[in-house]
Structures are given as structure tokens and as C-alpha cells.
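A short write-up of the structure that comes next.
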Amino acid sequence: MSHLAVVSQVSFAVPVGNDSSTLTTSLFKTQNVRFGDKSWAPLLAVNLKSRNSQSRNRYAVCMSVQQASRSKVAVSPLELEDAKETPLNLYKPKVPYTATIVSVERIVGPKAPGETCHIVIDHDGNVPYWEGQSYGVIPPGENPKKPGFPHNVRLYSIASTRYGDSFDGKTASLCVRRAVYYDPETGKEDPSKNGICSNYLCNSKPGDKVQITGPSGKVMLLPEQDPNATHIMIATGTGVAPFRAYLRRMFMESVPTYKFGGLAWLFLGVANVDSLLYDDEFTKYLQDYPDHFRYDKALSREHKNKSGGKMYVQDKIEEYSDEIFKMLDGGAHIYFCGLKGMMPGIQETLKRVAEQRGESWDQKLLQLKKNKQWHVEVY
């Protein structure tokens with residue numbers, strides 16, 4: 001079997017739409033990365049399938065890392081495994097860390113409603129984090145509600161492992177959807193009400209400086225005490241960010257201290273196929289580790305639930321409810337990440353299923369929380 005991989009991020013900004021300016025390379029430390037017993041030089045792979053002339057993002061940048069074989073990637077420095085305490089709030093809003101944008105890449109297709117970007121940030125190893133944590137970002141400028149003061153911190157779940165997309169512990173990746181406001185009466189975009197931080201990040205260019213805080217959060221940390229545990233991950237949209245980090249740690253990286261032998265089951269809810277995030281990575285894990293990974297998608301604008309309505313993640317949960325409840329009874333961890341509007345529908349579904357099984361959902365939920373099996377991060 002030949003070993004072939006696209007490795008360290010080697011990003012080229014490629015003009016799309018009407019911009020015919022010359023190619024400009026992104027900032028990154030190119031390096032050889034070892035796959036198994038072979039050393040591979042960085043390769044370039046620019047994928048323009050998701051670009052169209054209407055793209056708000058003027059530059060298309062290649063996907064960070066893809067893996068094309070079961071050989072896992074060696075990571076460094078392994079000292080990142082030695083910390084006994086979770087890194088927390090190393091940098092605070094009053095004294096943030098100045099990091100550097102490595103690359104910004106649109107990662108959804110032309111038919112996706114809205115734009116989502118994968119943003120790689122170089123922190124040079126100075127802002128270490130664990131999978132499941134968040135960075136705060138302070139956009140430049142003055143807070144309109146507090147003249148003379150900076151903007152408030154916006155939190156973003158980190159979409160990479162502690163080693164980053166370059167596997168060297170010096171970068172972190174964010175998955176950011178551009179927040180755009182449309183006037184309900186005119187249907188036109190009102191830039192004055194657009195999301196300040198998401199637009200700042202999606203508009204940023206390689207080399208730009210970015211103020212970050214953190215890392216923060218402990219509720220979504222991946223419990224690694226039992227490497228054979230079951231992890232059920234439920235995401236809507238950019239809520240898939242921490243799960244991408246978990247899955248890269250489980251299936252892509254060669255981490256001597258963590259050999260995953262359990263089951264990871266991802267439910268991802270998005271609008272349509274063009275809105276799928278990191279689908280190539282997840283599909284590859286499914287091919288390479290069918291006994292350890294399951295992947296179910298709910299495409300609300302393309303799939304129908306059993307009642308003929310739109311298919312949401314809670315419909316998928318109901319579809320597999322017997323298995324899910326048995327797994328939870330067996331100690332499985334369940335995680336939810338995405339817009340807070342996802343939770344009421346999910347809770348209603350779980351309650352209905354529990355009642356059909358003759359169980360009290362309220363009591364079951366209390367027990368799951370007590371056992372630290374229940375992990376929620378919504379925004």
C-alpha cells in the first residue's frame with residue numbers, strides 16, 4: 001500500500017471572482033512531517049470547488065491538512081502531553097497575546113447559505129491549549145457601547161488539536177461563520193449590523209496580527225482516562241470545531257500517550273451538502289477506522305425526517321435513540337456544540353424517547369451530569 005499524504009499547511013492565496021492580482025503565499029513554516037517511517041515534504045493542493053465569483057472572501061486558500069493513508073502523523077513537542085493542569089486564561093483581555101494570521105480559507109461550497117472560514121493562527125507555542133477549549137479574540141477598534149475601550153472578547157472553539165494543523169504545537173485553528181445581517185424589510189445587507197469579529201477574522205490576510213485571550217473552558221475537554229470510551233458528538237454548523245480536534249487526536253495523530261480504541265460517533269447538522277465542514281477528513285476516518293468511527297449527517301434542506309419535514313440533528317438522534325441510550329447507560333460521553341437554539345429540540349427528543357422507554361429524562365439527565373457524561377457548549 002503506498003503512503004501518500006498532503007501534510008503541513010502550505011497555503012497559497014488564489015484570486016477568485018474578478019480579482020486577477022498575482023498569487024501570494026501565506027505565512028507558514030514549511031517542514032517535513034513523518035508519516036510512519038517515511039518523511040514527506042509539504043505538497044500543495046488548492047481546491048477551488050467551493051469558490052464562486054460572488055464569494056465575499058476574495059482569496060481562496062488551500063485546505064490545511066488532509067490525510068490519505070492510515071499512517072498517523074508524528075507530533076511534537078511531546079512535552080504538551082506532560083502538563084498536569086489544564087491550561088487556563090494564560091492571556092486575559094487586559095493583556096492579550098498578539099498572534100499572527102497564517103491563512104484564511106473558505107471551506108463551504110457556493111450553495112451554502114453564508115460563508116464559513118477555516119482560520120489558522122500562529123501563537124508560536126505561547127498559548128497552549130487542550131482539545132475542547134476556546135480562544136478569545138478581540139477585534140481591533142473601539143467598543144461603540146464603551147467609547148475609549150476595546151471591543152469585548154468573542155469566544156471561538158478551537159478546531160485543532162494542541163499540536164495545531166502543522167503538528168508542531170505552534171498554531172491553532174478556528175472555524176468561523178461570517179455573521180451577516182439582512183434587513184427583513186428590504187432584504188439587503190446592512191453592514192452596520194454585521195458581526196464585528198467574525199467579519200474581521202474572515203477578512204483577515206496572512207501576516208495580520210490578531211489579539212487573542214485564553215485558552216478557556218473545561219466542560220468540553222476530551223476525557224482521556226479511558227482510551228476505549230464511547231464519545232457521541234452532536235454538532236450544528238461551526239459547532240463541529242471541537243469535534244474536529246477530538247477526531248484528529250484519535251485518528252490522525254500518533255500520540256504515544258493516547259491510543260484511542262473506543263468509538264467516536266459524530267452527528268453533524270448543516271443546511272446542505274455544500275455546507276458540510278471538514279467532510280473529507282471525517283469520511284477518511286470512516287474508511288480507515290470503521291470499527292471506531294461513525295458519521296451521520298442531517299442536511300435540513302436536502303433530507304426529510306420520518307414525518308416528511310426537514311431533517312435536523314434531533315431527528316437523527318431519534319433514529320438511533322435505542323443505541324444512544326444503551327451507550328449512555330454503559331458510560332458513554334455525549335457532547336453538544338453549536339447554536340443554543342439547537343438544544344430545546346434535542347432535549348424534547350431525548351425526553352420523548354426516554355418516556356417511550358419508561359424512563360424519566362429529568363432523572364437520567366441528572367445522573368449523566370453527576371457522572372460527568374454530559375458536555376454542552378452552545379452560543
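The values are calculated or read from the model by the stated rules, or taken from the named source; none is laboratory data. Everything quoted here is computed from the prediction, not taken from an experiment. Using ideal geometry, Cβ is built from the backbone for each residue, glycine included, and neighbour counts are taken over all protein chains shown. Surface areas here come from the heavy atoms of the whole protein model, side chains and all, with no ligands, DNA or RNA. Shrake-Rupley method; radii C 1.70, N 1.55, O 1.52, S 1.80 Å.
Can you name the residue in the stretch 287-301 that is farther than 17 Å from Met250 by Cβ and basic (Lys, Arg) and, of all such residues, is modelled with the lowest pLDDT? Filtering first and then ranking leaves Arg301.
Yes or no: the stretch 157-176 includes at least one residue that is over 19 Å from Tyr379 (Cβ atoms), surrounded by 15 or more Cβ atoms within 10 Å (Cβ to Cβ) and of a type in the set (Phe, Trp, Tyr).
There is at least one residue in the stretch 157-176 that is over 19 Å from Tyr379 (Cβ atoms), surrounded by 15 or more Cβ atoms within 10 Å (Cβ to Cβ) and of a type in the set (Phe, Trp, Tyr).
Identify the residue in the stretch 126-156 that is in a loop (DSSP other than H, G, I, E, B), without any contact (Cβ under 8 Å) to a residue 60 or more places away in the chain and touching a helix residue (DSSP H, G or I) at 6+ places or on another chain (Cβ under 8 Å) and, among all such residues, is most open to solvent (accessible area, probe 1.4 Å).
Gly141
Return yes or no: is Thr236 under 17 Å from Lys316 (Cα atoms), among the polar types (S, T, N, Q), in contact (Cβ under 8 Å) with a residue 12 or more places away in the chain and buried (at least 18 other Cβ atoms within 10 Å of the Cβ)? Considered against the rule, which asks whether it is under 17 Å from Lys316 (Cα atoms), among the polar types (S, T, N, Q), in contact (Cβ under 8 Å) with a residue 12 or more places away in the chain and buried (at least 18 other Cβ atoms within 10 Å of the Cβ), Thr236 comes out as yes.
Run down Thr238, Thr161, Thr186 and say which single residue is farther than 26 Å from Lys94 by Cα, assigned to a loop (DSSP other than H, G, I, E, B) and modelled with pLDDT of 95 or more.
Residue meeting the stated conditions: Thr161.
Of the strands (runs of 3 or more DSSP E) entirely within the stretch 274-379, those holding at least 1 residues that are open to solvent by 40 Å² or more (accessible area, probe 1.4 Å) occupy 293-299, 374-378. Taking Gly217 as the residue in question, decide whether it is open to solvent by 10 Å² or more (accessible area, probe 1.4 Å) and more than 16 Å from Ile317 (Cα to Cα). So Gly217 fits the description; yes. Within the stretch 188-205, the set of residues being open to solvent by less than 50 Å² (accessible area, probe 1.4 Å) and farther than 17 Å from Thr116 by Cβ comprises Asp190 only.
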